[in-house]
Amino acid sequence: QVQIVESGGDLVQPGESLRLSCVVSGFHDRIYMMSWYRQAPGKEREWVASSTLAGTRDYSESVKGRFTISRESTENTVYLQMDNLKPEDTATYYCKASRIDSWGQGTQVTVSS
């Protein structure tokens, strides 16, 4: 059974950093694209960043220059390095893998002074 597990969320102050991790297990093939999404209370889930095995990395305008997505392709693992965090980054962060319909449980990031 495929499982997606996100971790690394925490309560931090504005300007601080966090590194999120996502591991996909039970899928016996390399995943071409892995992405991060986030959902703030009362808002729709939004795309944050994506990484492909071709080496492309894309970011939403709201996080470009502050967040960095990276992955270990052999392990179907993806990371999200988040620097200079802002209160508007507060959300539950989810990992999404291509060819897999399910979502993980998410990890909570709260940025507050």
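Overview of values
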quantity	calculated
Qualifying positions in the stretch 1-54 - of a type in the set (A, V, I, L, M) and assigned to a strand (DSSP E or B)	Ile4, Val5, Leu11, Val12, Leu18, Leu20, Val23, Val24, Met33, Met34, Val48, Ala49
Residue in the stretch 73-113 that is nearest to the chain's Cα centre (by Cα), counting only those that are polar (S, T, N, Q) and in a helix (DSSP H, G or I)	Ser73
Check on Met33, farther than 19 Å from Gly9 by Cβ and in contact (Cβ under 8 Å) with a residue 60 or more places away in the chain	yes
Tabulated pairs, the stretch 1-25, first over 12 Å from Trp103 (Cα atoms), second among the charged types (D, E, K, R) and not in a loop (DSSP other than H, G, I, E, B), C-beta under 8 angstrom, 6+ apart or interchain	Gly8/Arg19; Leu20/Glu6; Ser21/Glu6
Candidate set from the stretch 55-69 (those that are among the polar types (S, T, N, Q) and exposed (fewer than 15 other Cβ atoms within 10 Å of the Cβ)); member that is farthest from Tyr93 (Cα to Cα)	Thr56
Filter result for Ser113 (open to solvent by 70 Å² or more (accessible area, probe 1.4 Å) and in contact (Cβ under 8 Å) with a residue 24 or more places away in the chain)	yes
Contacts under 7 angstrom Cβ, first residue in the stretch 49-72 being more than 21 Å from Lys86 (Cβ to Cβ) and without any contact (Cβ under 8 Å) to a residue 60 or more places away in the chain, partner of a type in the set (D, E, K, R) and surrounded by 15 or more Cβ atoms within 10 Å (Cβ to Cβ), 6 or more apart	Ser51/Arg71
Output for the stretch 23-54, where each listed residue is open to solvent by 40 Å² or more (accessible area, probe 1.4 Å) and among the hydroxyl-bearing types (Ser, Thr, Tyr)	Ser25, Tyr32, Tyr37
Residue list for the stretch 8-22, restricted to those being surrounded by 13 or more Cβ atoms within 10 Å (Cβ to Cβ), small (Gly, Ala, Ser) and out of contact with any Leu (no Cβ under 6 Å at 6 or more places or on another chain)	Gly9, Ser21
Some residue of the stretch 30-43 being more than 15 Å from the chain's Cα centre (by Cα) and among the polar types (S, T, N, Q)	no
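Residue-wise test of (1) at pLDDT below 95; (2) charged (D, E, K, R).
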{"position": "Asp29", "(1), (2)": "yes, yes"}
{"position": "Ala40", "(1), (2)": "no, no"}
{"position": "Thr52", "(1), (2)": "yes, no"}
{"position": "Gly65", "(1), (2)": "no, no"}
{"position": "Glu72", "(1), (2)": "yes, yes"}
{"position": "Asn84", "(1), (2)": "no, no"}
{"position": "Trp103", "(1), (2)": "yes, no"}
{"position": "Thr107", "(1), (2)": "no, no"}
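The values are calculated or read from the model by the stated rules, or taken from the named source; none is laboratory data. Treat the numbers as computed from the prediction; the structure is a model and nothing was measured. Glycine also receives a Cβ, built like all others from the backbone with ideal geometry; neighbour counts cover every protein chain displayed. The accessibility values were calculated without ligands, DNA or RNA, using every heavy atom of the protein model including side chains. Shrake-Rupley method; radii C 1.70, N 1.55, O 1.52, S 1.80 Å.
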